[in-house]
Amino acid sequence: MKLKNPFALVHKLRQYKALYKRQCQQLTAYNDQITELMTENNQQQKQIRFLQSELKIANEQLNLATISVNLFQQK
């Protein structure tokens, strides 16, 4: 098998190699962005759980205060 133009083939292969390299860099950048967003999301989820627990405690304190007021009014 004889190549018609080996220099053209080498040139094409170099173009594909450069394209592949750029795409790998772009995928790495996307992966870094996804990782950063997942970390941020994880921190937000932790903050939400903390605020939910604080809200639950405040709600329980309000319930206890309401019970205390009701008992005081019954006397």
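The values are calculated or read from the model by the stated rules, or taken from the named source; none is laboratory data. Computed from a predicted model, the values in this text were never measured in an experiment. Using ideal geometry, Cβ is built from the backbone for each residue, glycine included, and neighbour counts are taken over all protein chains shown.
Some points to look at:
- Sole residue being at pLDDT 95 or above and either assigned to a helix (DSSP H, G or I) or surrounded by 10 or more Cβ atoms within 10 Å (Cβ to Cβ) (or both), chosen from GLN73, GLN25: GLN25
- When the test is whether a residue is within 36 Å of the chain's Cα centre (by Cα) and part of a helix (DSSP H, G or I), ALA65 does not pass it.
- Selection status of ASN63, at pLDDT 95 or above and out of contact with any Lys or Arg (no Cβ under 9 Å at 6 or more places or on another chain): yes
- PHE7 meets each of the listed conditions (1) exposed (fewer than 10 other Cβ atoms within 10 Å of the Cβ); (2) at pLDDT 95 or above apart from (2).
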